[in-house]
Each structure stands twice: as structure tokens, then as C-alpha cells.
Amino acid sequence: MDSNCVEFEARVLEKARILEKDGLLKLAGSRWGVIAAIYIGPERLQPMVSMAEVRAIAGAGLEGDRYCRGQGTFWKKSPTNHVTLMEAEALEAAARDYGLEIAAHESRRNLLTCGMALNHLVGREFRIGAVRLRGLKLCEPCTHLQKLTGKQVLKALRHRGGLRAEVLSGSTIKVGEIITEAE
């Protein structure tokens with residue numbers, strides 16, 4: 001997956017440079033990454049569904065996702081349930097370091113990213129295209145995820161299981177959208 005993430009970022013970089021030239025994006029001196037895949041879980045305990053785009057709803061989450069409708073396994077009225085993100089690089093590291101092959105949809109995270117260190121976004125605001133979010137806390141792996149996947153995820157994904165974020169302003173998120181820290 002390393003080469004796929006690098007190739008994906010390279011394709012998006014051309015688009016990013018156009019946005020930067022037009023004054024719509026600042027890449028120089030800032031961290032940035034890319035949305036590589038989008039998943040929602042329409043029903044609890046059921047497989048995640050891949051989407052090309054999804055509408056983020058401020059104060060609620062991702063349209064069509066079980067947590068946005070208040071129906072997830074661990075649902076509670078909390079911004080920590082709005083959206084979860086996972087680094088493609090973390091899945092690659094789990095495979096390399098622990099021999100754990102886990103597909104992005106199996107992680108049960110909503111947004112797969114490339115190039116952005118998500119742990120650094122805890123307590124910070126960031127943007128995915130026009131959507132503004134706040135990183136709230138790490139999304140550590142749990143025994144529920146281990147049961148659903150049938151894989152030993154706890155050790156392999158500890159401290160790299162992703163990020164829980166609150167949707168502050170809504171819009172559409174698309175695969176290929178650029179992630180930047182808010183200024």
C-alpha cells in the first residue's frame with residue numbers, strides 16, 4: 001500500500017498546487033494529507049460501505065452512518081461519535097511490524113487518509129476541503145473491533161488506531177479531498 005499512497009498523493013498534489021496558486025490553499029509550511037477512501041456503516045455490526053463522497057453534517061456526523069442516526073454500538077450523544085479517521089500508513093505499519101493484514105474497511109473508521117499524522121490533530125482544528133473539524137481524541141482499537149474482524153488488532157493498532165473528530169461545519173467530503181490544519 002506504500003506505493004499506492006505515494007502515487008495517490010502525487011496525483012492530488014497537482015490539484016493542490018492549483019488551489020495554492022489561486023490562494024485557496026496553503027501547502028508550504030503546513031501539514032497536509034489526502035482522503036484516500038470513505039466508508040460509512042449504515043447498520044451496527046454490519047460491514048462498512050465504500051463511498052466516493054459523503055455529506056458531513058455539523059454537530060451530527062456523516063450522512064447515512066449509524067452514529068449520525070444515533071444507532072452505533074457505542075452511540076452516545078457526543079461529538080466523539082461524529083467521524084473517525086485512520087491513516088493508511090498505520091495499516092501498512094501493522095502489516096509490516098505485526099503481520100496483521102487488515103483492510104481499510106475492516107478498521108471500521110470512516111475516512112482513510114494518506115500523508116497526515118492524525119495523532120497530531122488531537123485538540124486541533126483541521127479542514128477536509130470545505131468541512132471544518134476538530135480532533136478530539138485517539139480512536140484506540142478495542143475488543144469489539146477485534147471480535148468483528150477476528151484479527152489480533154489491539155497490539156498492532158495501539159496508539160495508531162486513528163482519530164475521533166467533531167464536525168464543526170458541514171459540506172461534502174470526496175475521495176481525493178485535501179486535509180490541512182486550520183489556521
Review point. Can you work out ³J(HN,Hα) from phi for every residue in segment 34-42, in order, using Karplus 6.51 cos²θ - 1.76 cosθ + 1.60 and θ = phi - 60°, giving whole Hz and x for Gly and Pro?
Key: 9, 7, 8, 7, 10, 9, 10, x, x
Revision key, fill the gap. Interchain or sequence-distant (5+) residues whose placed amide H lies within less than 5 Å of the amide H of Thr113 are Ala36, Met86, Glu87, Ala88
Practice item. Can you pull the one-decimal nm distance between simple spin-label points at Arg124 and Ala95, each 7 Å off the Cα toward Cβ? Key: 2.7 nm
Point to revise | Residue-by-residue Karplus 3J(HN,Hα) for segment 109-116, coefficients 6.51, -1.76, 1.60, Hz, glycine and proline x | key: 9, 6, 10, 8, 10, 10, x, 10
Point to revise | Extension reserve of the Glu140-Glu63 stretch, reckoned as 0.36 nm per residue once the Cα distance is removed | key: 25.4 nm
Point to revise | Pair Arg31, Lys147: separation of 7 Å Cα→Cβ label points (nm) | key: 3.3 nm
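Every number in this text was worked out from the coordinates using simple rules, so none of it is lab data. None of these values were measured; they are calculated from a predicted model. When we count neighbours, we look across all protein chains shown, and the Cβ atoms used for this are built from the backbone with ideal geometry, even at glycine.
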